[in-house]
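See below for the structure under consideration.
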Amino acid sequence: MSLVAVALAVLGTLSLRVYGPLADPEVALVWKASTLRSIPTEADTTQKTSPLSAGSIAVVEKTFLGWTKLNFPSGQTGWAQSEDLIKLYR
């Protein structure tokens, strides 16, 4: 019986690695194409921006006045408007 328990514990731990960022309770899905920004504002035109494609998965780091800071598995971070995201686990 204890062998079964150990096997289930190993499989459970392995499944967290397989799911990657989807295993994080703070994961969000970008539901429409948007822009990833270096700071949470549209007013500063000198900031670094990059396109954010629909279907991207990222971990929510924090929120601020309608903006959400995202952390991607590649290590990239940035801000996106919260209305462009769907949190998968609420």
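Dividing the convex hull volume of the Cα atoms of the stretch 40-90 by its residue count, what figure in Å³ per residue is obtained?
91
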Degrees separating the helix 2-19 axis from the principal Cα axis of the chain, which is the longest one
20
Residue 38 long-range amide H proximity, modeled H, under 5 Å:
48, 79
Quick one: how many Å² of residue 74 are accessible to a 1.4 Å probe, rounded to 10?
100
Of [x] 96, 30, 10; [y] 62, 24, 20; [z] 36, 27, 24, the label for Cα extents along the principal axes in Å derived from the coordinates
[y]
Per-residue [θ]222 nm for the chain (sum of -39500 (n - 2.57) over DSSP H runs n ≥ 4, rounded to 500):
-7000 deg cm²/dmol
Among 10, 82, 63 the positive-end extreme of the charge dipole of the chain (Cβ point charges)
10
Leaving out ligands, DNA and RNA, and with a 1.4 Å probe, what % of the accessible surface on the chain is carbon or sulfur?
61
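The values are calculated or read from the model by the stated rules, or taken from the named source; none is laboratory data. Computed from a predicted structure; not experimentally measured. Note: ideal-geometry Cβ built from the backbone for every residue, glycine included; neighbour counts use all protein chains shown. Just the protein is used for accessible areas: all its heavy atoms, side chains included, with ligands, DNA and RNA removed. Shrake-Rupley method; radii C 1.70, N 1.55, O 1.52, S 1.80 Å.
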